[in-house]
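Input: a single structure, listed below in C-alpha cells.
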Amino acid sequence: MRRFLTLVSLFCLAIPAGVTISGCTRNPGANYCNGSGYGMKITDVAAVTIQPATTGISMAYGQTRSMGSPSQVTCTGSTVSGGTVNWGTTNRNLVDISPSGNICAGTWNRNSGGGIADYTTCTAPNPLPKTGGLPYATAYVTASVQTVTSNPVEVFVHAQVSAISLVTSSVSSGSSSGSGKCYSQGTQATLDAEACYTIGSTQYEFCAPSTVTSHYACPGGLPPGVTSVPSCTAAIGTLNYSVGTSSIATISSDTTTNKVTITAGQPGTTTITASVAESGSSAGYFSTCPPKSIKLAFADGTYEGTITRGASQNLVTTVYDINDKLITGLNLDYQSTDPLDISTGSTGSVAAALPGVASIYAICQPTSCNPSPINEIGLFGTGLPLSSNKVTVSTPGTASDYLWFGAPGKSKYIVPVELLTGTVGSTIRLPYVPNSMLMDRLANNIYFGSERGLMVVSTASGQVSKQEVNLPGVVLAVSPNSGQVLVNDQIRQVFYIYGTSTGMSATTGGMGTAAAWTPDSKTLYITDSASAGPGHSNTLYIYDGNTGWTSCKAGSACAGNFAGAKNLALTIPSVGAYLSGNPTVSRTWCPTGTVGDYAGMTFYPQGDSVSAQTDVLASTTDGKHMLGAAVNAGGVWLTDIGINIPPTTSTCSLSAPLSTNPTVNATLPITVQSAVADTAVTQIVTSPQSDLAFLTYSNSGTTTGATLPYYVPGSGQVKYLTLTGAAAITAPVAGAFTPDDKLFFVSTTGDNKIHSISVPLISTDPAHADTQQISPNLPACTPVTDLGCTLTAPMTDPVPATVIVIKPRSTT
C-alpha cells in the first residue's frame, strides 16, 4: 500500500508546469444572476408583469373578467413558468380576485354551500362606492410568483355607463368649419368623451373633459349635489375607440399619456365606437370636411382641347373643401358623354379610341366619395354629391360605323349594315318577337326584351349570345358600364335589375314607361304614367346604391308638381332628371329635410317646374338645354328649356336643394301635316356637339311628303329638311347620330328606308344633305302565330325600322 501511494505522488510531481487536468476545478457562479455563486439563480423568476399595465381595467358593478396569465421572466430575459400565482387586491370589498385570477367588480361568493362552487357569483360592492358624489372608486390588483410581486394594475369600478358622446378639440390649425366640427384633410383632433349613468329613468353626467363645463350631453346634466365631474380616464378608465370607415379618419393612442388623437382623411362622416367596461356603443360621428369645388382642366388650365386618336392625356383635378383647404386622393367618378370613343379612367386620364366629341365631368358621389351614414346625410355637407365643371374633348378624323336596324313588336329580325363597304348584311333572326331594343353605351351587346325572356346579341359576332327565359318583359335601360339591365315584367308588374355577369341583383314591384341610369351607373330613374294603359300609375321610382329603392306617387307629399311622365332625360352633368308632362318638372340629387331626421327627408325632391307640355325629352351634351316636344293643338310643339346648373363652388344644402334653374328660351310650333290628328312625337335626337337636334314622329295616315324637322338649340327657329324620295315618305320615325357627329341616320315610313344625312351639309347645302338611302327590308312578324307581334294583319312588305343603334369602327 505504501509503495502504491509513493508511486502516485511521484506521478503528480512528474507533470510539467502549465498542464491542467479537466475536472479538477469548477465555476459555481455561472448559475447565478450576479455571477458570484450565490443569490438568485438564472432559472428563477426575476420579474412578473400583468396587463394592462398603463391603461388599467374598467368594470361596471358585478362584472367579471379574467386577468389571464402573468408574464414571468428570469434575470436574463428568458420566459419562465414559475409555478403557483398568488393574486392580491388592495380592496377586496371593491375588487375581489379568485385564486385563478378572475376579477369581480364587487365580492366573490365563498363557502356558499348547497353545492355552489366558490368564486362563481359576483355581487356588486356593498356599500356602493362614491367619489366626489359620483358612483365610482378604484383598487389595485397584483400577482406574486416565488415572492416576486408584479406591477399593480388599477381597476376602475363604477356604475354602468348608459351613454357615451364624443368630444373633439383641435390640435392643429385650420381644422374646424366655423363653429362646427368637421376637420380638413390631414388635420388632427384630440378624441375624448362624455359618459352618462342612470338614476331612475334620468341620465346624468358621469365624466367629461375639463373643457366641458356646461351644455352637457347627458339629459339630466350634473347629478344632484355634484358641482363638477372628473375626466373619464380618471373616473371610469381608458376608453377604446374604433372608426367605422377607416378612409375618413384614423386613430392613434399614446400609451404614456393615454391621449387619443384622430386624424382626418377623406371627406365624409363616419361612426366612432367607444368601448368601456367590456361593452361598446356608437359614441358619435367624426366628419372630414366635404369638397366645396371640383375644378377639372387640361394641364395648361384650359377647358377645351383635342386628343388625337390612339393617344391619352391626364386631366388635372383640383378639389378644395369648405374651409378652402386642398383635398387629395378623392375617389371621383370621371364621366364622358361618349365613353365608347373618348373614355375616362379612374384618375382623370382621357383616352381617344375613335373620332368624336365628348364632355368630361368629375363627380364626387357617395358612397365612394364623401360618404355618410344614412341617418346623418347632410352633416356639415357630407353624404351629398358634387360635380365639377365641364371639359370638352375633341378627337378629329372620320370613322366608319356598324348599324343595326330593328322594329320591336313588328319583326323578329334585325339587320346589320357596315358603312365601310356600304352593303346590307344578312338578317339576324331572334328567338322571339322583341318588344324593346337597346344597346349598351360601350356597344358590346344589344338587349331585346320579349314576353318569353331577355335576348342578347353580341355586336362582335352578330349572333344571339344569351337567352334569359326567367326575365320576361320590356328592357327599359342598360347601365353605362354595361353591368346591369333593367327589365320590367309588365304582366307580373315587377322591375328586375339584372347583372350581366352576376344575374339578378334587385327587384321591386311596379310598372314603367321610361328609365335612365346616370353615367356612373349608380342611380337609376324610372318613370311611369297612368296614360300608358292598365296597370300603369303616375309614379317615379329611383334606385340608388346608397339609399335603395325610393318611390313617389303623384299626389303624395314628395310629388310636387309631378303628375306622371312617359319620358325622362338626365341633366348633363347628371345632377338630376327632367320628367315629361305638363308641367315639365325636374328632380334633383340633393335631399331636403333635417340632418339626423332620415324618416323626414325627401330624397330626389322636385327642383323646378316649367309650364310646358312635353311628351319626349332630350338634353344637350353641353348641359345648357333640355329640349321637349309634344303634340299640341293639332301640331307638334318644341320647348327649349335653358339649364343653369348652379356653380360647382356650392355644395348641396338640405335647406336649399341644389337644382336646375330653367328659363324657357323658346316654345316653338313645328308644323307637321295638320290633317294628321293622331301624330305622335317619337324622339328628339341631339348631336354630340350640342349644335343640332332632329325631331322624329309617327302617324297612321297615308299623306306623303313628310319632312324632317331640325333645330339648333338656342336659335329659336325650327327648320325642315326635305328627304330624297319625299313623295313616298309619310313620317320620319327614328334616328341616331354617329359618334363623330358626321352623319345622322333616320328611318322613314312610306318608303321604309334609312336615310343617311350629312351633318355638315345641313348648314351649307341642305338640299343635298340626304346623301344615301338604305333598304333594311325587315321581314314582318305574323300576328297570332308570333307571340308579341303587334301587327293587326299579316304583311308581305317589309316593315320600317323603329330603332337604330350604332357602333363606330376604325377605317384603318
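Among residues of the range 145-170 that are touching a residue at least 12 places away in the same chain (Cβ under 8 Å) and closer than 15 Å to GLY237 by Cα, those with a Cβ under 8 angstrom from a residue that is among the aromatic types (Phe, Trp, Tyr) and in a loop (DSSP other than H, G, I, E, B), sequence gap 6+ or separate chain, pair up as VAL157/TYR61; HIS158/TYR61; ALA159/TYR61; GLN160/TYR61. Here the range 761-793 is the region considered, the condition is being in contact (Cβ under 8 Å) with a residue 40 or more places away in the chain and among the charged types (D, E, K, R), and the residue that is surrounded by the fewest Cβ atoms within 10 Å (Cβ to Cβ) is ASP786. Take the conditions (1) within 30 Å of ASP622 (Cα to Cα); (2) touching a Phe, Trp or Tyr at 6+ places or on another chain (Cβ under 8 Å); (3) β-branched (Val, Ile, Thr); THR398 misses just one of them, which is (2). Checking the structure you have, find out if any residue of the range 675-688 is among the hydrophobic types (A, V, I, L, M, F, W, C), surrounded by fewer than 20 Cβ atoms within 10 Å (Cβ to Cβ) and closer than 27 Å to ILE572 by Cα. Scanning the range 675-688 turns up at least one residue that is among the hydrophobic types (A, V, I, L, M, F, W, C), surrounded by fewer than 20 Cβ atoms within 10 Å (Cβ to Cβ) and closer than 27 Å to ILE572 by Cα.
Scanning the range 511-528 for residues that are in a loop (DSSP other than H, G, I, E, B) and modelled with pLDDT of 95 or more yields a total of 4. Criterion first (within 20 Å of the chain's Cα centre (by Cα), among the small types (Gly, Ala, Ser) and assigned to a loop (DSSP other than H, G, I, E, B)) does GLY301 satisfy it? No, not satisfied. You will find that of THR748, THR796, THR724, the residue that is β-branched (Val, Ile, Thr), in a loop (DSSP other than H, G, I, E, B), out of contact with any Phe, Trp or Tyr (no Cβ under 9 Å at 6 or more places or on another chain) and surrounded by 14 or more Cβ atoms within 10 Å (Cβ to Cβ) is THR724 and no other.
Those residues that are closer than 30 Å to GLY83 by Cβ and either outside the structural domain of SER100 (by TED's automatic domain parsing) or among the aromatic types (Phe, Trp, Tyr) (or both), I need them from the range 116-154; list them, please. Residues satisfying the conditions are TYR119, TYR140. For the range 178-224, the candidate set comprises residues that are outside any loop (DSSP other than H, G, I, E, B) and among the hydroxyl-bearing types (Ser, Thr, Tyr); within that set, the residue that is surrounded by the fewest Cβ atoms within 10 Å (Cβ to Cβ) is THR202.
Checked against (1) over 30 Å from GLY35 (Cα atoms); (2) at pLDDT below 95; (3) assigned to a loop (DSSP other than H, G, I, E, B), THR84 passes all but condition (1). Within the range 557-585, restricting attention to residues that are in a strand (DSSP E or B) and over 20 Å from the mean Cα position of the chain (by Cα), the residue that is surrounded by the most Cβ atoms within 10 Å (Cβ to Cβ) is TYR578.
Of everything in the range 101-119, what is modelled with pLDDT of 95 or more, of a type in the set (S, T, N, Q) and not in a strand (DSSP E or B)? Give them in sequence order. Within the range 101-119, ASN109 is the sole residue that qualifies. Of all residues in the range 727-745, those that are outside any strand (DSSP E or B), buried (at least 20 other Cβ atoms within 10 Å of the Cβ) and not hydrophobic (A, V, I, L, M, F, W, C) total 5. Name every residue in the range 237-263 that is assigned to a loop (DSSP other than H, G, I, E, B), over 15 Å from SER287 (Cβ atoms), touching a residue at least 60 places away in the same chain (Cβ under 8 Å) and of a type in the set (Ser, Thr, Tyr), in order of residue number. Residues satisfying the conditions are THR238, THR255, THR256. Counting only residues that are surrounded by 20 or more Cβ atoms within 10 Å (Cβ to Cβ) and of a type in the set (Asp, Glu), the range 509-556 holds 2 of them.
Screening VAL48 against (1) part of a loop (DSSP other than H, G, I, E, B); (2) in contact (Cβ under 8 Å) with a residue 40 or more places away in the chain leaves a single unmet condition, (1).
Scanning the range 442-453 turns up one or more residues that are more than 30 Å from the chain's Cα centre (by Cα) and surrounded by 19 or more Cβ atoms within 10 Å (Cβ to Cβ). Checking each residue in the range 118-148 for being under 19 Å from GLN63 (Cβ atoms) and of a type in the set (A, V, I, L, M, F, W, C) picks out CYS122, ALA124, LEU128, LEU134, ALA137, ALA139, VAL141. Number of residues in the range 609-625 that are assigned to a loop (DSSP other than H, G, I, E, B) and farther than 20 Å from SER531 by Cα: the value is 5.
Do we have LEU778 as modelled with pLDDT under 95 and hydrophobic (A, V, I, L, M, F, W, C) here? In short, no.
Can you tell me which residue is farthest from ALA264 (Cα to Cα) among those in the range 358-382 that are β-branched (Val, Ile, Thr) and in contact with a Ser or Thr (Cβ under 7 Å, 6 or more places away or on another chain)? Out of the qualifying residues, it is ILE360. Pick out the one residue from THR79, THR74 that is loosely packed, with under 12 Cβ neighbours inside 10 Å, under 15 Å from VAL148 (Cα atoms) and at pLDDT below 95. The match here is THR79. Counting residues in the range 121-142 that are at pLDDT 95 or above, over 50 Å from the mean Cα position of the chain (by Cα) and among the β-branched types (Val, Ile, Thr) gives one or more.
Here THR227, THR233 are screened, and the one residue that is buried (at least 17 other Cβ atoms within 10 Å of the Cβ) and without any contact (Cβ under 8 Å) to a residue 60 or more places away in the chain is THR233. Checking each residue of the range 459-473 against the condition of being more than 28 Å from the chain's Cα centre (by Cα) and of a type in the set (Asp, Glu) gives at least one match. Based on this model, can you work out whether LEU340 counts as part of a loop (DSSP other than H, G, I, E, B), in contact (Cβ under 8 Å) with a residue 40 or more places away in the chain, in contact with a Pro (Cβ under 7 Å, 6 or more places away or on another chain) and surrounded by fewer than 22 Cβ atoms within 10 Å (Cβ to Cβ)? Here the answer is yes, as LEU340 does meet what is asked.
The set of residues in the range 304-336 being in contact (Cβ under 8 Å) with a residue 60 or more places away in the chain, over 24 Å from LYS522 (Cβ atoms) and outside any strand (DSSP E or B) consists of ILE307, THR308, ARG309, ASN323, LYS325. Scanning the range 371-419 for residues that are surrounded by fewer than 23 Cβ atoms within 10 Å (Cβ to Cβ) and within 15 Å of GLN773 (Cα to Cα) turns up PRO416, VAL417, GLU418, LEU419. Residues in the range 698-734 that are of a type outside the set (A, V, I, L, M, F, W, C), modelled with pLDDT of 90 or more and touching a His at 6+ places or on another chain (Cβ under 9 Å): 4 in all.
The values are calculated or read from the model by the stated rules, or taken from the named source; none is laboratory data. None of these values were measured; they are calculated from a predicted model. Quick reminder, even Gly has a Cβ in these numbers, built from the backbone with ideal geometry, and neighbours come from all protein chains shown.
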